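Undergrad: Structure below; questions to follow.
Just so it is clear, none of the values below were taken in a lab; they were calculated from the coordinates. All figures in this text were calculated on a predicted structure; none of them were measured in a lab. Please note: Cβ atoms are built from the backbone with ideal geometry, for glycine as well, and neighbour counts cover all protein chains shown.
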Amino acid sequence: MNGKVLIIEVNDEFRTEARRELLRRGLAVRDCDNLDEGLSALREDGDIQVVLVNWRSRKNKESKSTDIEGELIFHEIIKVRYEVNLFLFTKEKDPRKIGGKGLITGYFFKDDRDYDDMYRKITAVVKEKQQAPFFEELVRYATKSNDSWHTPGHSSGDSVKHSPWVSDYYEFFGHNMFASDISVSVPALDSLLDPKPEGVITKAQELAARAFRAKRTFFVTNGTSTSNKILLQTLLKPGEAILLDRNCHKSVHYGIIAAGAEPVYLTPSVNNKYGIFGPIPKKRLYETMDKALKDGKKLKAMILTNCTYDGLVYDLEEIIAEAHKRNLKVIIDEAWFGYANFHPAFYPCAMAAGADYATQSTHKTMSAFSQSSMIHVNDPDFDTIEDFFMENYMLYSSTSPGYPMIASLDVARKQMVMEGYRLLSNALQLAEDLRDAVNSLERFKTLEAEDLIADELKNDNIRLDRTKVTVDISQSGYSNKKLEHLLLNDYGIQVEKTTFNTMTFLITIGTTRSKINRLFLALEALSKRKGTGGILRPAEALNLMVSDIKYLPRHAFYCDGVLSPVQKCSGRIASGMVVPYPPGIPILVPGQEITSEIIAYLMGLYEKNVEIHGMQDGYIAVLTSEEETDLQNRGFAL
């Protein structure tokens with residue numbers, strides 16, 4: 001399949017001729033005589049892969065200002081579809097007068113009328129986009145049925161397929177899974193940790209970088225948790241500081257421990273009505289940056305999560321620009337927003353907004369296998385730290401990466417550049433249909449951005465990723481846990497996330513109309529039942545109680561500590577991380593002072609049987625008095 005070509009050309013003669021000649025050569029073609037119609041075609045038709053456009057175009061037939069010229073045309077097109085390839089089709093003879101460097105893929109002079117050349121170059125571009133070089137090589141190797149005299153031990157499944165005990169294991173996963181689970185001993189499939197310049201992993205990563213607007217992209221086969229740790233340990237030396245959202249993923253906190261860095265916490269906004277932690281207000285973010293610098297902290301970087309778990313999207317471009325003014329490197333954890341570059345409803349992605357690094361859970365929101373993630377790099381100084389980055393990359397990466405996972409990253413990228421716009425348009429439409437259906441029910445209501453954000457964010461240009469649908473369940477008569485239980489056990493529906501009075505459903509590129517309708521029918525049935533479970537209220541209003549950090553998390557983490565009843569820990573220092581689920585935010589990190597307010601909050605959760613990582617039978621790990629004295633004597637107190 002060659003994809004579809006869109007011709008935007010005012011001149012009827014050239015447009016008709018180009019359409020006829022490209023159709024005759026087997027390309028699918030759509031054409032129009034002005035830019036507005038061309039942009040409409042791009043919005044409607046996700047199969048368009050290439051745009052052939054003149055240097056000048058009418059904006060529309062009725063406009064008094066009839067012409068739009070030069071690079072403005074290209075910018076208007078990529079606002080709608082960044083991933084399409086642009087070819088200039090013009091009578092301009094002087095190449096010095098042709099702009100759009102970095103925006104256009106190629107150039108055709110009209111009077112040449114060389115449609116064979118045009119066809120070859122268009123098909124070559126589309127063919128390259130639809131390559132999945134690593135996946136294709138893996139399939140070629142796996143189908144050769146070579147005898148395996150190397151790892152892994154199952155030897156393409158031969159160890160299990162005839163077993164009287166575990167043949168069901170082979171039958172469940174199938175021949176191809178075992179045949180493609182191979183060793184780094186296979187040269188044709190390259191090495192993830194040291195890819196050859198012309199190898200298939202290098203090629204796959206280069207294609208990914210191009211697709212996600214990065215200068216460099218690295219595949220990671222043990223999740224964005226590892227990606228975050230790699231970057232933090234690369235960018236931070238012991239004693240240096242980083243700004244981080246207190247609502248960030250726990251991997252960031254562990255990365256800070258590993259790097260020996262000092263955390264400067266940014267307290268997120270809080271919506272107590274719905275139990276939702278939101279973005280950090282811009283004013284607080286900038287003030288915290290400036291205070292940290294004024295206090296003499298060696299502030300080197302900032303990491304933010306965009307979008308949030310609930311789909312709230314920062315005004316990234318301004319925030320990143322402000323961080324760069326202060327010479328900070330910016331990392332964006334895009335675990336829940338990796339597809340942002342493939343539909344204007346989500347623009348800009350982190351790389352387009354100017355971030356230096358982005359970590360992306362390709363498996364969470366695209367078609368990659370679990371744990372398959374990417375690190376994207378646009379840091380202008382990356383060349384100076386690349387060797388150190390690679391050391392940390394190897395420190396955290398397995399020397400036996402899962403080759404099916406690498407292949408899934410390759411294929412996920414291919415899918416998004418070829419059909420991501422169409423798939424995301426469909427997901428957005430399904431999300432709106434679900435909202436309309438749910439809002440027709442008496443006991444459930446979907447929440448909009450204005451419902452989800454706290455008052456302090458009203459002027460921060462926060463948007464909502466509308467593929468995250470949050471439903472207010474407070475009038476349902478059920479607690480969140482009861483509703484989760486009923487949806488799963490009575491209707492076979494697994495919920496992504498809940499708070500005490502909301503449920504969040506993720507609409508993905510894999511969501512179908514059948515799934516949407518089944519969810520609605522389940523909620524409709526539940527709305528007619530007489531729920532008596534009540535609503536589980538939080539122990540108290542949501543509040544991230546950020547007490548003082550007395551010692552670097554790394555120093556406290558490596559102390560032995562002692563388990564102590566949480567009620568007796570007021571004034572003590574945590575030596576481990578304490579993380580309630582939900583919402584999965586660390587209430588305590590190593591080195592943090594434990595206050596009476598934190599104790600009351602944890603005990604309230606404990607009494608309601610909330611899952612709390614780092615707390616066992618009411619006990620948490622704290623520093624001993626001897627350990628505190630030792631840290632102070634060694635000059636480690638902050």
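Undergrad: So how do 476-487, 85-96, 166-177, 368-379 stack up, highest first, on mean other-Cβ count within 10 Å?
TA: By packing density, highest mean first, the sequence is 368-379, 476-487, 85-96, 166-177.
Undergrad: OK, next. Would you order I599, I98 from fewest to most other beta-carbon atoms within 10 Å of each residue's own beta-carbon?
TA: Taking fewest neighbouring Cβ atoms as first place, the list is I98, I599.
Undergrad: Additional query: Pull out the extension gain between K325 and D112, defined as 0.36 nm times the separation in residues minus the alpha carbon to alpha carbon distance; nm, one decimal.
TA: So the extension gain works out to 71.8 nm.
Undergrad: Which of the listed residues, G106, M394, A292, is farthest toward the dipole's positive end in the chain, when Lys, Arg count +1 and Asp, Glu count -1 at the beta-carbon?
TA: The one lying farthest along the dipole's positive direction is G106.
Undergrad: May I pose another question? Angle between the Cα long axis of helix 71-80 and the longest principal axis of the chain, 0 to 90 degrees, nearest 10?
TA: Orientation of helix 71-80: about 50 degrees from the principal axis.
Undergrad: Write out the trypsin sites (Lys or Arg not before Pro) in region 223-324 meeting two conditions: DSSP loop, and at most 15 other Cβ atoms within 10 Å of their Cβ.
TA: For trypsin sites (Lys or Arg not before Pro) across region 223-324 that sit outside H, G, I, E and B with at most 15 neighbouring Cβ atoms in 10 Å, the list reads K298.
Undergrad: Which one of F520, F636, V51 is farthest out on the positive end of the charge dipole of the chain, using unit charges on Cβ (Lys, Arg +1; Asp, Glu -1) and the Cα centre as origin?
TA: F520
Undergrad: While we're here: In nm, to one decimal, how far is the T512 label point from the V562 one, both placed 7 Å along Cα→Cβ?
TA: According to this spin-label approximation, the distance is 6.0 nm.
Undergrad: Treating only the Cβ of Lys, Arg, Asp and Glu as charged (+1, +1, -1, -1), what charge dipole size does region 418-528 show about its Cα centre? Round to the nearest 20 debye.
TA: 400
Undergrad: Using 7 Å Cα-to-Cβ label points, what is the K196/R529 separation (nm, one decimal)?
TA: Between K196 and R529, the label points sit 6.0 nm apart.
Undergrad: Using unit Cβ charges (K, R positive; D, E negative) and no other charged atoms, how large, in debye to the nearest 20, is the dipole of region 133-180 about its Cα centre?
TA: With only Lys, Arg, Asp and Glu charged at Cβ, the dipole is about 60 debye.
Undergrad: Moving on. Can you show me the helix-derived [θ] at 222 nm for the chain, built from DSSP H runs with n ≥ 4 at -39,500 (n - 2.57) apiece and divided by the number of residues, rounded to the nearest 500.
TA: About -11500 deg cm²/dmol.
Undergrad: A further question on this structure: Eigenvalues of the Cα gyration tensor times 5, then square-rooted: what semi-axes does that give for region 133-180, in whole angstrom, largest first?
TA: They are 21, 12, 7 Å, listed largest first.
Undergrad: Hey, another quick one. Treating only the Cβ of Lys, Arg, Asp and Glu as charged (+1, +1, -1, -1), what charge dipole size does the chain show about its Cα centre? Round to the nearest 20 debye.
TA: 780
Undergrad: Moving to a separate point now. How much length would be gained if the chain were fully extended between V610 and D168, taking 0.36 nm per residue of separation minus their Cα-Cα distance, in nm to one decimal?
TA: Using 0.36 nm per residue and subtracting the Cα-Cα distance, I get 155.4 nm.
Undergrad: Return one number: the angle in degrees, 0 to 90 and rounded to the nearest 10, between the long axis of the Cα atoms of helix 513-528 and the longest principal axis of the Cα atoms of the chain.
TA: It is inclined by approximately 40 degrees.
Undergrad: Continuing with this model, one more query. Which trypsin sites (Lys or Arg not before Pro) in region 163-222 pass both tests, a DSSP loop state and at most 14 other beta-carbon atoms within 10 Å?
TA: K215
Undergrad: For the chain, what is the percent of antiparallel DSSP beta bridges, rounded to the nearest 5?
TA: Within the chain, antiparallel bridges account for around 50 percent of the total.
Undergrad: Taking the Cβ of each residue in V5, V469, V270 as the centre, tally the other Cβ atoms inside 10 Å and list the residues starting with the fewest.
TA: Placing the least packed residue first, the sequence is V270, V469, V5.
Undergrad: Taking only C-alpha pairs under 8 Å that are 6+ residues apart, what is the relative contact order of region 136-268 in percent?
TA: In percent, rounded to a whole number, it is 15.
Undergrad: Whole percent per 10 Å bin, from 0 to the bin with the longest distance: what is P(r) over all C-alpha pairs of the chain?
TA: 3, 14, 21, 24, 21, 12, 4, 1, 0
Undergrad: Find the relative contact order for the chain and round it to a whole percent, using C-alpha pairs within less than 8 Å whose residues are 6+ positions apart.
TA: Value for the chain: 11 percent.
Undergrad: Taking the simple approach of a point 7 Å from Cα along Cα-to-Cβ for both I493 and D451, what is their distance in nm?
TA: 1.5
Undergrad: If the reach is capped at under 25 angstrom between alpha carbons, list the lysines near K458, excluding any in the same chain fewer than eight residues apart.
TA: Candidates past the 8-residue exclusion: K273, K282, K283, K291, K325, K445, K468, K497.
Undergrad: Return one number: the angle in degrees, 0 to 90 and rounded to the nearest 10, between the long axis of the Cα atoms of helix 200-211 and the longest principal axis of the Cα atoms of the chain.
TA: Between helix and principal axis, roughly 90 degrees.
Undergrad: Right, next: For D45 and E17, calculate 0.36 nm times their separation in residues minus their Cα-Cα distance, and state this gained length in nm to one decimal.
TA: My answer for the length gained is 7.9 nm.
Undergrad: Return the whole-Å distance between the Cα centroid of region 278-348 and the Cα centroid of region 139-179.
TA: That distance is 46 Å.
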